[in-house]
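See below for the structure under consideration.
The values are calculated or read from the model by the stated rules, or taken from the named source; none is laboratory data. Values in this document were obtained by computation on a predicted structure and should not be read as measured data. Here Cβ is always computed from backbone atoms with ideal geometry, including for glycine, and neighbour counts include all displayed protein chains. Quick note on the areas: whole protein, heavy atoms, side chains included, nothing else; ligands and nucleic acids left out. Shrake-Rupley method; radii C 1.70, N 1.55, O 1.52, S 1.80 Å.
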Amino acid sequence: MNIGIMSFAHIHATSYATAIQRIPGTKLTAIYDTDTNRGLDASKQYDVPFFADMNGFLAEDLDVVLICSENVLHKEMVIAAAKAKKHILCEKPIATNIEDAKEMIDVCKENGVHLSIAYPVRYSAPIRDLKAAIDAGELGEIVAIRSTNRGQNPGGWFVDEELAGGGAVLDHTVHMVDIMRWYMNSEAKEITAFADNYFTDLDTDDAGIMTIVFDNGVVASHDASWSRFPEFPTWGDAMIEVIGTKASRKVDVFNEKLNLYGKGSKSLTHLYSGNNTDFDLIVDFLNSIQQQKQPLISGYDGLKSLEIALAAYESNNRKQAVKL
């Protein structure tokens, strides 16, 4: 299976490229990037041809493309790839507004190609274990959920709203609300949120907190931020706590770790020891293409999590709850 990567703007692009090289029967065939220097660097690193022209890239014999561009470019790249009949795995968030997300989904459907959104948190072993426990009824009826996604400031285009579409609330909300929807098979109906720049002097938000009411009556809270300082032992967290009538369980994707003590700016470093979620995401998506079945994560999943994040901004701006 021939795979191309469209842009190395996103930090996960290198992880995906490395994963492709480890999967039997797959080949990283071509790289395209709007930033020529960035694209050439990736081309040299992975010994793969670089294309500065998107049409030339899409004319290659590619089965799948991975889109890892700045968020604002997702729509253009997804639509072009879909019209070229390539299956697509796109970085999150799916888009920077609802209209673009819906158009992307429609164009992929019209052209008979799969569109999946990169939510590797679904592939974390503890996250999947909790999903299995919920499905087996071990927690009873879910009554509440609490989640956090607090990491370090990524800098670069991530903090430029024109390129990213938002700040920490957009960046660090979509992952965990996707898990909530997956766990409950229920949609959010009301969002109340606050967001601001509490930790930095950025022009965009670096933190926010929200309350989400779901169709099934469950009330959830989510804490999203770029609040971790550079010397913190790990990048951050991705935690979810599910409270049920029989039991409650709490997991953190990054809590599978070893402690490394040393000298210098970081006296303690947490070395992640869990499964490689990026690798498992790529393997599962490629398997779904080969087996001609729907991917675990759809474009619609990307749309619904984007709706929640954007509703949080609307709630903050209007200083009131927003109904979906």
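Binning the C-alpha pair distances of region 154-193 at 10 Å intervals from 0 yields a P(r) profile of 25, 42, 27, 6 %, listed from the shortest bin outward. Scanning residues 5 or more positions from Lys189 or on other chains, those with amide H under 5 Å from its amide H are Val213, Phe214, Asp215, with H placed 1.01 Å from N in the peptide plane. Projecting the alpha carbon convex hull of region 104-164 along each direction and taking the average yields 7.7 nm². Can you work out the base-10 log of I(q)/I(0) for region 94-201 at q = 0.13, 0.15 1/Å, using the Debye formula on its C-alpha atoms alone? Rounded to two decimals, the profile gives -0.68, -0.88.
Solvent exposure of the chain amounts to 44 Å² per residue of accessible area, where only protein heavy atoms count and the probe is 1.4 Å. Stokes-Einstein diffusion for the chain, with the hydrodynamic radius set to the Kirkwood value over Cα pairs and evaluated at 25 °C in a medium of 0.890 mPa s, equals 121 µm²/s. Evaluating kT/(6 pi eta Rh) at 37 °C and 0.692 mPa s, with the Kirkwood radius of region 167-269 over Cα pairs in the Stokes-Einstein relation, gives 211 µm² s⁻¹. Please report the carbon-and-sulfur percent of the accessible area for region 1-70; probe 1.4 Å, protein heavy atoms only, DNA, RNA and ligands left out. Looking at region 1-70 in its full context, I get 46 percent from C and S.
The stretch between Asn255 and Asn185 holds 22.6 nm of extra length on full extension. This uses 0.36 nm per residue minus the Cα-Cα distance. Cα centroids of region 134-168 and region 272-290: 20 Å apart.
Between Phe199 and Ser265, the distance separating the two model label sites (each 7 Å from Cα on the Cα→Cβ line) works out to 1.5 nm. Think of each Lys and Arg Cβ as +1 and each Asp and Glu Cβ as -1; about the Cα centre, that makes the dipole of region 175-275 roughly 620 debye. Translational D (Stokes-Einstein, µm²/s) of region 265-324 at 25 °C and 0.890 mPa s when Rh comes from the Kirkwood sum over C-alpha pairs? The estimated diffusion coefficient comes to 160 µm²/s.
With Cα atoms as the point set, region 1-54 shows a radius of gyration and Dmax of 10.2, 30 Å. Taking every DSSP helix (H) stretch of at least 4 residues in the chain, weighting each as -39,500 (n - 2.57) and dividing the sum by the residue count yields a mean residue ellipticity at 222 nm of -10500 deg cm²/dmol.
In whole angstrom, note down how far apart the Cα centers of region 59-93 and region 208-233 are. Rounded to whole Å, the Cα centres lie 29 Å apart. Taken about its Cα centre, the chain carries a charge dipole of roughly 900 debye when the Cβ of each Lys and Arg holds +1 and the Cβ of each Asp and Glu holds -1.
Of Lys86/Lys293; Lys131/Lys246; Lys257/Lys293, which pairs sit farther than 23 Å apart, going by alpha carbon to alpha carbon? In this structure, Lys257/Lys293 lie more than 23 Å apart at Cα.
With N the number of residues in region 1-132, Rg(Cα) / (2.2 N^0.38 Å) evaluates to 1.04. Between Ser116 and Ile88, Leu89, Cys90, the built amide H atoms are under 5 Å apart, and every one of these is 5 or more places off in sequence or on another chain.
The Rg/Rh ratio for region 16-94 is 0.93, where Rg is the radius of gyration of the alpha carbons and Rh is the Kirkwood radius. Note on Ala52/Lys27: beta-carbon distance plugged into 1/(1 + (r/R0)^6) with R0 of 30 Å gives a FRET efficiency of 0.90.
For the chain, give me the percentage of DSSP beta bridges that are antiparallel, rounded to the nearest 5 percent. Counting only bridges with both partners in the chain, antiparallel ones make up about 55 percent.
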